[in-house]
1. Keeping to segment 21-30, report how many residues are in a strand (DSSP E or B) and either over 23 Å from the mean Cα position of the chain (by Cα) or exposed (fewer than 15 other Cβ atoms within 10 Å of the Cβ) (or both).
2. With small (Gly, Ala, Ser) and crowded, with 16+ Cβ neighbours inside 10 Å as the only criterion, which of Gly66, Gly108, Gly94 stands out?
3. I'm trying to understand the selection: among the residues of segment 113-131, which are open to solvent by 60 Å² or more (accessible area, probe 1.4 Å) and touching a residue at least 40 places away in the same chain (Cβ under 8 Å)?
4. Do we find that Leu73 is of a type outside the set (Gly, Ala, Ser) and either modelled with pLDDT under 90 or open to solvent by 80 Å² or more (accessible area, probe 1.4 Å) (or both) in this structure?
5. Looking at segment 41-58, is at least one residue basic (Lys, Arg), in a loop (DSSP other than H, G, I, E, B) and either more than 18 Å from Asp7 (Cα to Cα) or more than 16 Å from the chain's Cα centre (by Cα) (or both)?
6. Looking at segment 6-20 only, could you name the residues that are surrounded by 14 or more Cβ atoms within 10 Å (Cβ to Cβ) and not aromatic (Phe, Trp, Tyr)?
7. Against the definition (over 16 Å from the mean Cα position of the chain (by Cα) and among the acidic types (Asp, Glu)), how does Asp92 come out, yes or no?
8. Report the residue count in segment 82-112 for those that are touching a residue at least 40 places away in the same chain (Cβ under 8 Å) and not aliphatic (A, V, I, L, M).
Amino acid sequence: NSTYKPDAAAPNVDNAYYDNIWSLKPDTLFGIQVDVDLNNQLSVTTQLVSKGAKNYDTEIEWLYAGYELTPKLLIKFGKQRLPLYNYSDFQDVGYAYHWTRPPLEVYGEELSSYEGISTLYTDSFGDWDYDTQLYWGNTYAGDTPLGDLHLKDVLGTVLSITNDEIKYRLSAHRANAWTDGETGLATVVDKDSPSNAKFYSGGVFYDTGAWLVGSEVTYMDAGLIQSDTDGGTFVNRTTWMITAAYRIN
């Protein structure tokens with residue numbers, strides 16, 4: 001009688017769970033991404049995703065305009081992916097990595113997108129390439145186990161450094177968070193007294209083309225946003241994963 005929910009952001013409905021009835025829905029999704037270059041500097045990107053775990057309701061996960069201020073500096077306005085993890089930008093594209101899905105122990109947060117502004121600066125030094133990202137915005141997720149989850153003034157930064165075989169990535173994020181709506185858990189913060197939530201991640205990946213070895217660690221301090229049914233509060237948690245793969249031919 002065990003059950004397993006592979007997508008933490010999916011609502012608590014039968015389609016979102018594996019149980020003793022065989023089903024394709026919990027891990028099945030369809031998506032399309034459209035990029036339109038309006039001129040040499042301005043572009044528009046949108047991504048539509050339909051997930052079996054959400055009864056195949058189509059959602060707009062990305063919808064933003066990008067403006068290239070310089071060949072090294074890009075500014076985006078609109079709905080974008082939250083850059084919490086190494087695989088965030090293509091977390092829904094299973095062909096892009098060696099798992100069926102990224103490990104839920106690390107990639108298990110219930111928020112994936114935000115509405116706001118971001119900057120991306122890319123450059124290199126010696127044999128290394130690097131990019132830095134800074135973003136600000138707001139986001140919302142309804143019908144989570146905590147109720148309706150709001151994050152306001154989400155602010156974050158990401159630094160990635162790579163060469164031909166190794167990649168280092170660090171990120172830091174903060175937001176004012178609160179919940180409302182129906183929930184099975186006690187809510188201990190609201191809009192008038194939001195929690196100051198923080199999230200940090202770091203990863204290193206070594207990829208020779210044939211071999212891939214990597215690790216990613218996250219730390220979240222949610223303040224007092226969550227509470228269990230016994231009245232205890234969840235304050236922080238650390239998650240991590242180690243992965244390895246060998247590509248045949």
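1. Total meeting the criteria: 1.
2. Being small (Gly, Ala, Ser) and crowded, with 16+ Cβ neighbours inside 10 Å holds for just one of Gly66, Gly108, Gly94, which is Gly66.
3. Scanning segment 113-131 gives Ile117, Tyr121.
4. Here the answer is no, as Leu73 does not meet what is asked.
5. No, the conditions are met nowhere in segment 41-58.
6. The answer is Pro6, Asp7, Ala8, Ala9, Ala10, Pro11, Asn15, Ala16.
7. So Asp92 fails the test.
8. Within segment 82-112, residues that are touching a residue at least 40 places away in the same chain (Cβ under 8 Å) and not aliphatic (A, V, I, L, M) number 14.
The values are calculated or read from the model by the stated rules, or taken from the named source; none is laboratory data. Note that the structure is a prediction, hence the values are computed from the model and not measured. Using ideal geometry, Cβ is built from the backbone for each residue, glycine included, and neighbour counts are taken over all protein chains shown. Keep in mind that these areas ignore ligands, DNA and RNA; they rest on the heavy atoms of the full protein, side chains included. Shrake-Rupley method; radii C 1.70, N 1.55, O 1.52, S 1.80 Å.
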